[in-house]
Amino acid sequence: MQRDARVIVVGAGQAGLGAAYHLRRAGLSAPDDFAVLDRAPAPGGAWQFRWPTLTFRTVNGIFKLPGLDVPDVPVDTPVSGVVSEYFAEYEKRFDLNVRRPVSVDSVESLPDGRLRLETSEGPWTAGALINATGTWERPFWPHYPGRESFAGRQLHTADYAGPWEFAGKRVIVVGGGISGVQHVMEIHPYAASTTWMTRTPPRWAEGEFDRRRGAEAVAMVERRVREGLPPQPVVAVTGIPVTPEVREALDTGVLDRRPVFTEIVPEGVVLADGTVLEADVILWATGFRPVIDHLGPLRLRGPRGGIALAGTQADADERIQLVGYGPSASTVGANRASRSAVRRALAVSSQNASNRRRAPAPDRV
């Protein structure tokens with residue numbers, strides 16, 4: 001059975017729930033006027049999958065959803081459970097009626113100007129779509145010669161469950177972002193050895209990360225997506241915050257960065273000088289890519305590899321708003337973007353509905 005909505009939100013993480021909240025504030029009711037489709041098995045977005053040692057002390061910021069404060073908990077509390085409960089309470093309090101688990105396989109345009117979504121629970125149609133699918137479901141694994149030959153274990157940040165599983169192992173962590181830094185610092189006390197490798201030298205951010213610096217970073221990422229380039233993570237612009245824990249790890253040599261290897265062999269990796277560094281584990285902390293393949297039929301990507309945006313709206317299709325993409329991929333950016341996306345989605349869906357009402361009826365034979 002085909003279902004219909006004025007606006008559909010895909011994804012119920014920070015950006016998706018923020019959009020749903022603003023749709024409710026605009027007077028729409030779920031599920032008659034809008035729908036939220038979420039692929040995850042439970043509330044919590046990507047937070048529900050984070051490792052137990054990621055706590056409120058070590059996480060790089062959790063921003064409240066509009067209208068409800070984040071619970072005040074001890075700093076050493078794992079974030080995954082608290083945020084999942086927080087998101088569940090949010091959905092219930094504002095009656096967001098999130099449908100899950102529902103995967104969206106494709107989105108295409110209909111002749112009448114509406115969108116058709118093929119989903120795991122059947123087709124939906126909508127006047128506008130707010131895409132808030134994030135990146136967690138698409139971990140990026142870079143290609144290096146010989147990767148498939150490695151005799152040890154390879155895993156990605158998405159598979160990381162905690163440092164204790166690396167006890168007594170020789171571990172190589174690849175990646176110059178915040179996750180890579182955290183992995184090295186956590187694994188070091190357990191492992192026989194840890195080696196941190198990055199493609200380029202890490203950028204350290206000394207001093208307080210204030211509102212001005214945040215705005216400058218978001219503006220740089222926004223400029224890329226406005227020009228149709230693939231988005232960069234905000235941390236690539238801001239640099240890695242030098243917390244007291246990071247400073248200690250730098251001073252003691254735990255975070256002794258080395259250039260990434262040139263090749264992988266069964267027993268380890270080959271360094272630039274030709275020597276082999278033996279290893280039992282390669283942990284790829286190499287980030288994620290946007291989950292947007294379901295939007296492929298709409299041909300939103302431009303010749304420069306990304307989806308060009310004006311704010312949150314796709315240049316190639318005004319019916320599509322992207323939040324949690326590019327400058328709104330951070331939690332603070334997602335809140336701001338979700339309000340703008342709702343405003344534009346409602347305007348577009350209203351205009352399209354008006355156009356359909358004015359369209360002449362087809363001739364009858």
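The values are calculated or read from the model by the stated rules, or taken from the named source; none is laboratory data. The model shown is predicted, which means the values in this text are computed figures rather than measured ones. Neighbour counts are summed over all protein chains in view; Cβ atoms, including those assigned to glycine, are modelled from backbone coordinates with ideal geometry.
Here are a few things to note about the model shown:
- Here is the figure for region 105-143: residues that are surrounded by 15 or more Cβ atoms within 10 Å (Cβ to Cβ), assigned to a loop (DSSP other than H, G, I, E, B) and within 24 Å of the chain's Cα centre (by Cα) total 7.
- Of the residues in region 32-49, at least one is under 20 Å from the mean Cα position of the chain (by Cα), among the acidic types (D, E) and not in a helix (DSSP H, G or I).
- For region 178-256, the helices (runs of 4 or more DSSP H) that sit wholly inside it and include 1 or more residues that are within 26 Å of P52 (Cβ to Cβ) and either of a type in the set (A, V, I, L, M) or modelled with pLDDT under 90 (or both) are 178-187, 234-238, 244-251.
- Residue identified as surrounded by fewer than 19 Cβ atoms within 10 Å (Cβ to Cβ), touching a His at 6+ places or on another chain (Cβ under 9 Å) and within 29 Å of A205 (Cα to Cα) among V254, V242: V254
- Exactly one residue out of V59, V75 is touching a helix residue (DSSP H, G or I) at 6+ places or on another chain (Cβ under 7 Å) and either in the same structural domain as A337 (by TED's automatic domain parsing) or without any contact (Cβ under 8 Å) to a residue 12 or more places away in the chain (or both), and it is V59.
- When restricted to residues that are in contact (Cβ under 8 Å) with a residue 24 or more places away in the chain and in a loop (DSSP other than H, G, I, E, B), region 302-319 contains 9.
- Residue within region 58-68 that is buried (at least 17 other Cβ atoms within 10 Å of the Cβ) and outside any loop (DSSP other than H, G, I, E, B) present: yes
- Residue pairs meeting the criteria (Cβ under 8 Å; at least 6 apart or on separate chains; first in the same structural domain as Q321 (by TED's automatic domain parsing) and buried (at least 17 other Cβ atoms within 10 Å of the Cβ), in region 282-301; second at pLDDT 95 or above and acidic (D, E)): H294/D105; L298/E108; L298/D317; L300/D317
- Within region 246-269, residues that are in contact (Cβ under 8 Å) with a residue 24 or more places away in the chain and over 14 Å from H188 (Cβ atoms) sit with their Cβ atoms under 9 Å from residues that are assigned to a strand (DSSP E or B) and of a type in the set (G, A, S), at 6+ positions apart or across chains, in these pairs: F261/G268.
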